[in-house]
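The structure under discussion appears below in the form of structure tokens.
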Amino acid sequence: MNKERMLRAADFMRCKARAYCGVDASKAGGGGDPAVLRVTLLFRTGARAFKDEAAVTRVFQKECKRVAGCAVAAAHPTNLTFCDQVRLLSATDVLISSHGAQMTNLLFMDRNSSIMEFYPLGWKQRAGGGQYVFRWMASWAEMRHEGSWWEPVGEPCPNNPDILDCWKDRQIGHNETYFAQWAARVFAAAKERKTGNAVGDSEGGPPREATVCRCS
């Protein structure tokens, strides 16, 4: 399947999900208000969860306050129905989440929305190409994967340090300085695109646009 057909498929699935859940497509992406930038922290429980959710939330809330109209929402998908998740992500401009199945929800965001992804220690060296699946998914859906952060420190894996099974379900720490600087760049650029003051980026990406909903 070529890129154009993958994009059409992503648009179709997003449109169908929004229609099923009663989401007004004209009000998606921050409620349809270009002055609003909505950031969603989608937290996991257990494997690959953040060790300190409160600290991570504070970092992103602090940076969000520096951007006019920015608001942060935090949620656990295990506490949400399918339509709750569709509604939440339909109104999200920037998704922040650790690597895991909950990131498939990025499909419900508008084109050119942003994703920030996080991994536990050991993944970068041992998980192989499959760890980039949500980077690929974002590209297929014409969204912006803004990069990844891999936990750089932690206790060594006992017995056999080369087996991913020993590492894959570990939890993730945080680096306040790095997260703050990263968030500042992503939030500022996303807000600028949303308000229409920027066209593309240094890599020639498209300006942010709401998805045209074609369900047929």
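The values are calculated or read from the model by the stated rules, or taken from the named source; none is laboratory data. In this text the structure is predicted, and so the values were computed from the model without any measurement. Because the Cβ atoms are built from the backbone with ideal geometry, glycine has one as well, and the counts that use them run over all protein chains shown.
With respect to Ser114, is the statement that it is at pLDDT 95 or above and either surrounded by fewer than 22 Cβ atoms within 10 Å (Cβ to Cβ) or over 24 Å from Gly22 (Cα atoms) (or both) true? Against the criterion (at pLDDT 95 or above and either surrounded by fewer than 22 Cβ atoms within 10 Å (Cβ to Cβ) or over 24 Å from Gly22 (Cα atoms) (or both)), Ser114 does not qualify.
Got a sec? Which of Thr45, Thr40 is outside any helix (DSSP H, G or I), among the polar types (S, T, N, Q) and surrounded by fewer than 16 Cβ atoms within 10 Å (Cβ to Cβ)? Walk me through how you get there before you give the answer.
On the way: Thr40 fails: surrounded by fewer than 16 Cβ atoms within 10 Å (Cβ to Cβ).
The unique qualifying residue is Thr45.
Quick check on region 29-74: of everything there that is under 14 Å from Val94 (Cβ atoms) and among the small types (Gly, Ala, Ser), which residue is modelled with the lowest pLDDT? Selected residue: Gly30.
Do you know which residues across region 94-152 are small (Gly, Ala, Ser), in a helix (DSSP H, G or I) and over 16 Å from Asp11 (Cα atoms)? It would help to see each step written out before you state the result.
Residues of region 94-152 that are small (Gly, Ala, Ser), as a first pass: 97-98, 100-101, 113-114, 122, 127-130, 138-139, 141, 147-148.
Okay, now just the ones that are also in a helix (DSSP H, G or I), so 101, 129-130, 138-139.
Result: Ala101, Gly129, Gly130.
When Val67, Val86, Val23 are checked against the criterion of being hydrophobic (A, V, I, L, M, F, W, C), closer than 17 Å to Ser114 by Cβ and touching a residue at least 60 places away in the same chain (Cβ under 8 Å), Val67 stands alone in meeting it.
Is it true that Thr78 is in a helix (DSSP H, G or I) and loosely packed, with under 13 Cβ neighbours inside 10 Å? Yes, satisfied.
Could you go through region 165-179 and let me know if any residue there is under 18 Å from the mean Cα position of the chain (by Cα), within 30 Å of Gly22 (Cα to Cα) and surrounded by fewer than 18 Cβ atoms within 10 Å (Cβ to Cβ). No; the residues of region 165-179 include none that is under 18 Å from the mean Cα position of the chain (by Cα), within 30 Å of Gly22 (Cα to Cα) and surrounded by fewer than 18 Cβ atoms within 10 Å (Cβ to Cβ).
Taking the conditions (1) part of a helix (DSSP H, G or I); (2) among the hydrophobic types (A, V, I, L, M, F, W, C); (3) more than 30 Å from Thr177 (Cβ to Cβ) in turn, Val56 satisfies each one other than (3). The single residue among Ala188, Ala198, Ala210 that is at pLDDT 95 or above and on the phi < 0 side of the Ramachandran plot turns out to be Ala188. Checked against the criterion of being closer than 24 Å to Gln171 by Cα and at pLDDT 95 or above, the candidates Gln125, Gln85, Gln131 yield just one match: Gln85.
The single condition among (1) modelled with pLDDT under 95; (2) touching a helix residue (DSSP H, G or I) at 6+ places or on another chain (Cβ under 6 Å) that Glu146 does not meet is (1).
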